[in-house]
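Asker: First the structure, which I've put down as C-alpha cells, then a few questions once you've had a look.
Just so it is clear, none of the values below were taken in a lab; they were calculated from the coordinates. Keep in mind it's a predicted model, so treat the numbers as computed, not measured. Heads up, the Cβs are rebuilt from the backbone with ideal geometry, glycines too, and the neighbour counts pull from every protein chain shown.
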DNA sequence: CTGAAAGCGCTTACAG
DNA sequence: CTGAAAGCGCTTACAG
C-alpha cells in the first residue's frame, strides 16, 4: 500500500509484484506521454534521440514488454493465424505443421492450433474472431455448407484439401490424378485384382481418391474392389490379414493413405506373403515413414510441408490485401491445385510381371 | 455512405459489408444496453427471459460473435496457452502436440505454437505476453539463465525437458535412468564395445542420456565410445556406415533418439550387417515408427503424448491457482519426473549371447 | 517532434 | 434485473 522508498522509482512496484509494467508506468518513469512511448516502440514516427533514450531506459528498468492483446485490439491485427485441422494423428500433420510454421515464422506470424475433435466441433471456429487475422482450414470431412455457416466473417481464409468453398481460395490436391496414377502403375506391373482401401466415406479426399482409382482400374481393364478404412494403420492391417488368408482375393493393394498401406504391408509380411511378388502395395501421401519401412513403400507423393507453407503464404497475402483495401471484402482468387507424383519403391514393380 | 433503407435495421449494414457486428450493434437492435448483451452472452448474472430472447434474436440476426481479443483484454484471460518448441521435426513433436491438444481442448484452451528457430529465437517469447495465459516451454538447448531472462513475467509457465528452472514447475524425463537401462540391456545381451550416438553437446537431454550411458557402461565393464550426432537420421546413417566399414569397432549402437538409431539400423542393413546378431541397436523415445521398421527397434519408451498432456494439465492448474490468488505470484510446485521404460524389440536380444 | 484525447470491443463493479 | 460509466493496455488521428 505505502511505498517505503518514494525517492526512486515507485513505478517499479507492480513489476516486482509479478504484474507487468504497462505503457503508463514507462511513460511516468520516463517523464513523457504514453503516445511517445508507443512511438518509440513502434518506431514509425520520428522521435528525438533524447526522448528515445529516456524511454528505452525506463522500459529496460521496468522490464516493460508491450501487451500483445492490447496492441492487437487497437490495431485490429493479431499477428496470428488459426490453423484448423481434423486431427493431429501421424506424420502427415507434423509435416503439414512444419511447413506452415516455416512460412508463418518467416513472416512473423504465430500459429493458433484448433483441432476439430469429434464432439467439440465447428462451433469453435466462430470464436476465433478477434483472435487471429486469418484461417487456414482443413476439414475434409465437413459438409461445405456447414463449414461456410460456421466460419467467422472477419478473418481471411484459405481452404486446404476440403470440398471447395466458393468465394475463397481453395488449395486442392489432385487426388483423382494421383490415385489413378497409382492404380495404373499397379496394373502395368501385372496386377489383375486390386483392392482399394479407401478413407472414410464422408471424407472429401477419400472420395476423390476412390473415384480416381476406379477410373484407372476400368481404363486398364482390371478388377478393383473397395474396402472402407479410416486412415489409420489398423484398418490396413485388417485388409492385409484378409488378403493373406485368401478371404479376399487380390494381387495388389492400393490404400488411400500411407498408414493404411503400411498396416497392410506389415500384415502381409507377418503372414509370409512376398511383397511385391505375390501382392504389391501402394499408398498415398508419401510420409517420411514410407521410405523407412521394409520393403520401402511405393506412394503417391505430395510435398506436405510445401503445401502447408503455400497455404500460409496465400493467407498472408490475402490478409495484406485486405488491409490495403478493407472495403472490398474477401478477395476471390483462383483455386490452386497441387499435383502429386508417383514415388515408386520396393513394394511395387516398375515393369510388367505377366 | 447513405443508407437506402433506414426503416429496418441500420445496424445490419456493417455486417453486410464484411465487417463484423459489435456488441453495440446488438444492443441497438435489441433496444437494450451493451451491459445486458454482455450478460446474456456470459450467462452469469440473472437476466429476464424476455430480454434474453430479444438479445439472442438480435445477435442471430446480425450474426454477432463476441470479439475474442476484446474479451481477453478486459477479462485478462486469453484462453490460449503458448507452446514453445525447439523444432517441429519428426514424430516426437507430433506426438507431443497431440497430447497437448488432447488436454488443452478438453479444457477449452487453444494452443499457440512458437518454434524457436535458429535465428528468430528467444526474444519472441516476451512478446507472448497478453497473447497467452501461460507457457509450456521445451528448450533443451537453451541456457537456463538466458531462458529465464527472456520469459515474459505475466504468464504462468511449465518447463518440459529443459535444464530445470527454479521457481517454476519442471517436468523432467529421467534421461539418465533410461539411457542406463538401455546400455545395461545391451551389455546383458553380450555387447562388449558399444558406440553411443549422442545428441548435440549443448542439448540438455543429450547430456543426461550420455551420462547415463557412460555410467551404465562402466558399471557393466564394457567399452563405450561416444560420437556426437544431431538427433536427425543422417547422423545415425554416418555411424552405421562406419561400423559396417569397420572404421569403427562396435557390436552394439545406442543412439540418443530413435531417428538416429533408425539411420544407423538402415545403414547396417544396407551393408549386409545382421542386426542384432552382429550389431545390436537401441534408440530412445519410442516413437510410433520404432515398431514399424524392420527389424523393430528396441527403444527407451516415454509416453510422449501423455507427457504433453501432463504439461498442459499442470499449466492449466497453475493458471487457475493464479487466478484465485493473484497476489502470490508464480506458484512453486515440486518438479515431476517422467520415468521411461525399456521397450525390447528385435534389434537387441533379451538374453546373453556370450 | 510531442501530448491530450478518443477509440479498439468487450466486462464489471456501482448505482438504481 | 438493468444501465451508465470506467477500465483493460494499447495506437493514432488531431492539434499544437
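Asker: Relative to the other copies, what are the label-point distances for residue A:34, with labels 7 Å from Cα along the C-beta vector, expressed in nm at one decimal and sorted shortest first?
Answerer: 1.6
Asker: Dividing the alpha-carbon Rg of the stretch A:239-291 by 2.2 N^0.38 Å yields what?
Answerer: For the stretch A:239-291, the normalised Cα radius of gyration comes out at 1.03.
Asker: Note the distances from residue A:107 to each other copy's matching label point, with points 7 Å along the Cα-to-beta-carbon direction, in nm, sorted shortest first.
Answerer: Taking the point 7 Å beyond Cα along Cα→Cβ, the inter-copy spacings are 3.1 nm.
Asker: Evaluate the relative contact order of the stretch B:175-301 (contact order divided by residue number), counting alpha-carbon pairs under 8 angstrom at least 6 apart; express in whole percent.
Answerer: Computed over the stretch B:175-301, the figure is 25 percent.
Asker: Enumerate the whole-percent occupancy of each 10 Å bin, from 0 to the last occupied one, for all C-alpha pair distances of the stretch B:50-95.
Answerer: 20, 23, 25, 17, 13, 2
Asker: I want to verify a result. In a Gaussian network model of chain B, Cα cutoff 10 Å, which of these has the top mean-square fluctuation: B:56, B:228, B:324?
Answerer: Between B:56, B:228, B:324, it is B:56 that shows the largest mean-square fluctuation.
Asker: Moving on to the next point. Starting from the coordinates of the alpha-carbon atoms of the protein assembly as shown, obtain the Kirkwood hydrodynamic radius over all distinct pairs and give the value in Å to one decimal.
Answerer: One decimal place: 28.1 Å for the Kirkwood radius.
Asker: Also, I was wondering about something else. Would you calculate a helix-derived [θ] at 222 nm for the protein assembly as shown, using -39,500 (n - 2.57) for each DSSP H run of n ≥ 4 and dividing by the full residue count, to the nearest 500?
Answerer: -13000 deg cm²/dmol
Asker: Still on this structure, please answer the following. How big is the Cα convex hull of the stretch A:50-192 in projection, averaged over all directions, in nm²?
Answerer: 13.6
Asker: Over the Cα atoms of chain A, what is the Rg over Rh ratio if Rh follows Kirkwood?
Answerer: Using only Cα positions, Rg/Rh for chain A is 1.17.
Asker: Next question. Please arrange B:67, A:46 by how many other C-beta atoms lie within 10 Å of their C-beta, fewest to most.
Answerer: Ordered by Cβ neighbours within 10 Å, fewest first: A:46, B:67.
Asker: Let me ask you something else. Rg and Dmax of the stretch B:175-301, Cα atoms, in Å?
Answerer: Reported Rg and Dmax, both Å: 12.5, 35.
Asker: How would B:322, A:192 line up from fewest to most surrounding beta-carbon atoms within 10 angstrom?
Answerer: A:192, B:322
Asker: Could you tell me the extents of the stretch A:12-66's C-alpha atoms along the three principal axes, largest first, rounded to whole Å?
Answerer: 34, 16, 15
Asker: Distances from residue A:52 to the same residue in each other copy, label points 7 Å out along Cα→Cβ, in nm, shortest first?
Answerer: In ascending order, 5.8 nm.
Asker: Plugging the Kirkwood radius over Cα pairs into Stokes-Einstein for the stretch A:134-224, at a temperature of 25 °C and a viscosity of 0.890 mPa s, what D comes out in µm²/s?
Answerer: D = 170 µm²/s.
Asker: Please rank B:107, A:210, B:323, fewest neighbouring Cβ atoms within 10 Å first, as an exposure proxy.
Answerer: Lowest to highest Cβ neighbour count: B:323, B:107, A:210.
Asker: Could you compute Rg(Cα) / (2.2 N^0.38 Å) for the stretch A:100-154, with N its residue count?
Answerer: Cα-based Rg divided by the globular estimate yields 1.20.
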